[in-house]
1. Based on alpha-carbon atoms only, what is the radius of gyration of the range 216-293 relative to the globular estimate 2.2 N^0.38 Å?
2. Roughly how big is the chain's charge dipole about its Cα centre, with Cβ charges of +1 (Lys, Arg) and -1 (Asp, Glu), in debye to the nearest 20?
3. Express in nm, to one decimal, how much length is gained between Glu124 and Gln58 on full extension, taking 0.36 nm for each residue of separation and deducting their alpha carbon distance.
4. Label points 7 Å out from Cα along the Cβ direction at Leu292 and Glu192: separation in nm?
5. Just to be sure I understand: of the beta bridges DSSP finds with both ends in the range 48-197, what percent are antiparallel, rounded to 5?
6. Which net charge results when you count Lys and Arg as +1 and Asp and Glu as -1 among the other residues whose beta-carbon is under 15 Å from that of Ser250?
7. From the protein chains alone at 1.4 Å, what is the descending order of accessible area for Asp218, Asp104, Asp21, Asp135, largest first?
8. How far is it, in nm, from the label point at Thr2 to the one at Arg19 when both lie 7 Å from their Cα along the line to the Cβ?
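The values are calculated or read from the model by the stated rules, or taken from the named source; none is laboratory data. Not measured: the values here are computed from a predicted model. Virtual Cβ from ideal backbone geometry, glycine too; neighbours counted across all protein chains shown. Just the protein is used for accessible areas: all its heavy atoms, side chains included, with ligands, DNA and RNA removed. Shrake-Rupley method; radii C 1.70, N 1.55, O 1.52, S 1.80 Å.
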Amino acid sequence: MTVRVPAKVNVQLAVGGARPDGFHDLANVFLAVGLYDEVTVSAADSFALTCTGPGSDQVPLDRTNLAARAAIELGRRYGIAPDVRIHIAKDIPVAGGMAGGSADAAGALVACDALWGTNASRAELLDICAGLGSDVPFSLVGGAALGTGRGEKLEPLDVAGQFWWVFAAADGGLSTPAVYREFDRLSPDAPEPVAAPALLEALRTGDVEALAATVTNDLQPAALSLFPSLKDTLAAGTAAGALAALVSGSGPTTAFLTPDEASARAVATALTGAGVCRTAHVAPSPAPGATLL
Ligand code: C5P
């Protein structure tokens, strides 16, 4: 069973103060983007995990991997031993702030549900996802959604048409907890996070200029503080004609919103030519969530 799962970009990531449980309340506007990992599961004598693709050498291959934990949790709920071989074919930047690990978890869950014939309801799959990580429920549903709470409470959003993006992968990764700690240091009095009405309206009407004028990421100052060279990448994308340039999630991938596919390809070529990123990927949004192929 093979499941295709999308990456995400946050067009708004509003972050509040640290909660007693250590997480932060968010107003998180997710867009799934057409940059995918593929997760394949097959029956085996014992558990095994393999991973190929860019950055795969940094992916843990034991039971701590989020995809493994997804399979184990589904098996636990249905009394099935997780004797599966999981293979992850990666295209989403690893530790890049694009929810690649979350995507793999959602993919493994849907694939095992199909392999084992457990037929879990959407609500149960979403419950398992929320237990695995804040971004995993969105990887399952895809499209566009507002995430509140720690990001796991989802409300679908309407989007007209398509938006074209460039994602510049950086050399190296950023740890999400470290970026949130830096956020706490830089913003000790963060206000309560709220979704911006003008941004939701830009999505609903498919107005790329209005979206470019309203994208925000409260984690960006923290990511730039820990990874200062990202400022050069952002500036190079803007100089090459991107309408908006921002850090994707907790980074260090940077995201560039462009008027159309041709402009996106030009921005990607300029970014790689300027030597300010490892690779640049062009992708449209929104994209579907985890899909059994
Ligand atoms: O939920 P997830 O495992 O993806 O979160 C990774 C880390 O990111 C958490 O351990 C926490 O440090 C930070 N985080 C947070 N507030 C959120 C989501 C994540 O502080 N809403």
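1. Output field value: 1.14.
2. That gives a dipole near 320 debye.
3. Working: separation 66, 0.36 × 66 = 23.76 nm, distance 3.03 nm.
Additional length available on full extension: 20.7 nm.
4. In this crude spin-label approximation the distance works out to 4.2 nm.
5. 45
6. 0
7. Working: Asp218 60, Asp104 5, Asp21 90, Asp135 35 Å².
Reading off the accessible areas and sorting them downward yields Asp21, Asp218, Asp135, Asp104.
8. 3.8
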